[in-house]
Every structure is written in C-alpha cells, then in structure tokens.
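Down below is the structure, laid out as structure tokens.
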Amino acid sequence: MLLGDIIGHAAKQFEKVGIDSAVADAELLAGHVLGLSRGGVQAACISGVEISTEEADQIFINYGRRQAREPLQHITGVAYFRNLELNVGSGVFIPRPETEFVAQLAINELLELDSPIAVDLGTGSGAIALAMATEVAGCKVFAVEKSPEALVYTQKNFEKYAGSNAQLADGDLSNCFPELNEKVSLVVSNPPYIPEQAIPRDPEVRLFDPAQALYGGADGMSVMHKVSATARRLLVPGGRLVVEHADSQGLQVCQLLLADGFSQVQSHQDLTGRDRAVTATK
Ligand SMILES: C[S@@+](CC[C@H](N)C(=O)[O-])C[C@H]1O[C@@H](n2cnc3c(N)ncnc32)[C@H](O)[C@@H]1O
C-alpha cells in the first residue's frame, strides 16, 4: 500500500468530520506508527514509499480514533509545550498553545528575581510548573493537582523533567503548601474557567478533556476565587500572581483581584489580541 494514498484518503475523511488540521493529523498519526517525523512522512510520500499490511492496520486504528474526534495528543500520547514533550492521555488536560504565553509571563517575572519560589495551582500535566523549573535557573517550583487521573501523567512528567527544584503535591489548591504561607514570589494558575452551561463545541474538548479541568461553576469563576484567596495566603507582600482566563472574563478577573486586595492589576492579550491573562501584585 502506498503511504501517500492512505494519508490522502484519511485527510479527506478527517475533513468530512470537521477536523481543521486534516492533512497534518493524517501525516502525524502515520508518522507516529512508522517512527517518522512529519517531514519524514512527507518525504516518504513523495518518494512513493509502500508500507506493510501490519503498519497500515495500525495506522487505520489510529485514524479511526481520530475520526471519532479523539484528540491527536491522546492517540500519540504526547503534547508539546514550550521545550517540553509531555506525556498526556485520557484524564489529563492537554496543554494549549495560549498557555505558553501565560507561562512566558510567569517566567519573565521569575527571571527578574534571585532564587524565587513559584507555585502552580492546578498543574494538570505539569506544563507551566515544568516550564518554569526548566527555564528559570535557581527557581524552586511547587505544583498542586487534585485529580487522581491527571496525576498519573503529572507524576510521569515530573519524573522526566523535574530536578530537585520542583515538587508535586496531590490535593486541593485551597489548602496546599501551608509551609509556604507568605514565602512565595509568584503564583501562576490556569484554572478551570468555562461556565457550566457553556459546553464547548469541539468534540475533542467536550468529550475528552476532563470536566474538572474545564468547568468553573455557574459563571466559570468559582475556582478563580479559590486561586485568588490561595495566592493571597502564599505570596510574600509584593509577590506576583499570573492567571489565565477565558477571553470574555478579563474585566471580571480584574474586578475579583482588586476586590481581594491585589494592586497593579493588569490585563494581557494573546497573539490574536484577545484578553487571556491577568497579572497582579499582593
Ligand atoms: C485548565 S486545567 C490546566 C492544567 C495545566 N495547568 C495547563 O495549563 O495545561 C485546570 C487543572 O486544575 C485542576 N484543578 C481543578 N480544580 C482544582 C482544585 N480545587 N485543586 C487542585 N487542582 C484543581 C484540574 O484537575 C486541571 O488539571
């Protein structure tokens, strides 16, 4: 069987079910089975490479899963975040490209400080925590996650990337790290913030991201309130908070942080110009 024919057929099927990145996904899933990069797959297609029946069968299984709108990252088991190749799968939130910019805001703050302490609330795969731990020399990072299903992946990613400067805790963010009260330089969080009734349209999100990672109560702000209170407890006076939020929530989040006593509350836009993060000072 010609690899190029298999990929061309799959891309058409993916398009029919509404997958935007149809060709890329068909190439990446074939590459996952064949041990090739996307460029390697494209080169193999151009040179008319044929694949074995066993390889084709495995690729077809992956294509069936993707056609049912299972996320690409669940099938390959990998999500890329900044310099990290994170282990992901069913039960853990797949880190998003927009969160790379939130991690950048946190990293920029930490790079200004001497031996800072950072805390990531609701760490999921460990994406933000491990980005800080690997990109900021001398930084101590603490991360908390309460979902046992997510923690399976968090632990693997911490084993892979965390040195002695990063520590993972299992539990609710509201009462995490009491030993760090008023000692933390920066708190960062990408909490669940979707209002309960605003069910996402994309099946990849609606059916496969864990509900605990998506929904933040009736107005989407319930976990944000907890993040704000926990940050007040953990931060040194003058310490900084960085939070991600939905593009419609900029004003709400600023008002919440001001009401909780934060100052220098500032909204930040992503590359498409949408409000996606707020920074503030205790
Ligand atoms: C939107 S996901 C973000 C995950 C990761 N920080 C990222 O940016 O990819 C929110 C995470 O917070 C966790 N979470 C929700 N409520 C929590 C709580 N009360 N305490 C600890 N973790 C919580 C969820 O299980 C989920 O992993």
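The values are calculated or read from the model by the stated rules, or taken from the named source; none is laboratory data. Everything numeric in this text was worked out from a predicted model, so none of it was measured. Reconstructed Cβ throughout: ideal geometry from the backbone, glycine too, with neighbour counts over all protein chains shown.
Structure notes:
- Pairs meeting the criteria (first residue in region 249-264 and at positive phi, second residue surrounded by fewer than 17 Cβ atoms within 10 Å (Cβ to Cβ), beta carbons under 8 Å, at least 6 apart or on different chains) are GLN264/THR281.
- Tabulated pairs, region 8-19, first touching a residue at least 24 places away in the same chain (Cβ under 8 Å) and of a type in the set (S, T, N, Q), second surrounded by 14 or more Cβ atoms within 10 Å (Cβ to Cβ) and not in a loop (DSSP other than H, G, I, E, B), C-beta under 8 angstrom, 6+ apart or interchain: GLN13/TYR63; GLN13/GLN67
- Filtered residues of region 86-128 (kept if more than 7 Å from the ligand (Cβ to nearest atom), at pLDDT 95 or above, acidic (Asp, Glu) and in contact with a strand residue (DSSP E or B) (Cβ under 6 Å, 6 or more places away or on another chain)): GLU109
- Cβ pairs under 6 Å, 6+ apart, first in region 91-118 and of a type in the set (Phe, Trp, Tyr), second assigned to a helix (DSSP H, G or I): PHE93/ALA213
- Residue match in region 148-162 (condition: assigned by TED's automatic domain parsing to the domain that holds GLU85, part of a loop (DSSP other than H, G, I, E, B) and of a type in the set (S, T, N, Q)): no
- Sub-9 Å Cβ pairs linking a first residue in region 265-280 that is touching a residue at least 60 places away in the same chain (Cβ under 8 Å) to a second residue that is of a type in the set (Lys, Arg) and in a strand (DSSP E or B), at least 6 apart or interchain, are HIS268/ARG276; ASP270/ARG276; THR279/ARG240, ordered by first then second residue.
- Some residue of region 27-45 being surrounded by 21 or more Cβ atoms within 10 Å (Cβ to Cβ) and within 30 Å of SER189 (Cα to Cα): no
- Counted residues, region 166-206 - those being modelled with pLDDT of 95 or more, part of a loop (DSSP other than H, G, I, E, B) and either more than 14 Å from the ligand (Cβ to nearest atom) or of a type in the set (S, T, N, Q) (or both): 4
- Test: LEU186 is assigned by TED's automatic domain parsing to the domain that holds GLY91 and closer than 19 Å to ASN108 by Cα: yes
- The residue of region 92-131 that is nearest to the chain's Cα centre (by Cα), among those that are crowded, with 21+ Cβ neighbours inside 10 Å, assigned to a helix (DSSP H, G or I) and of a type outside the set (A, V, I, L, M), is THR99.
- Apart from one condition, LEU251 fits all of (1) assigned to a loop (DSSP other than H, G, I, E, B); (2) surrounded by fewer than 16 Cβ atoms within 10 Å (Cβ to Cβ); the exception is (1).
- Only one of the listed residues (ALA150, ALA143) is buried (at least 19 other Cβ atoms within 10 Å of the Cβ), under 20 Å from LEU234 (Cβ atoms), within 9 Å of the ligand (Cβ to nearest atom) and not aromatic (Phe, Trp, Tyr). That residue is ALA143.
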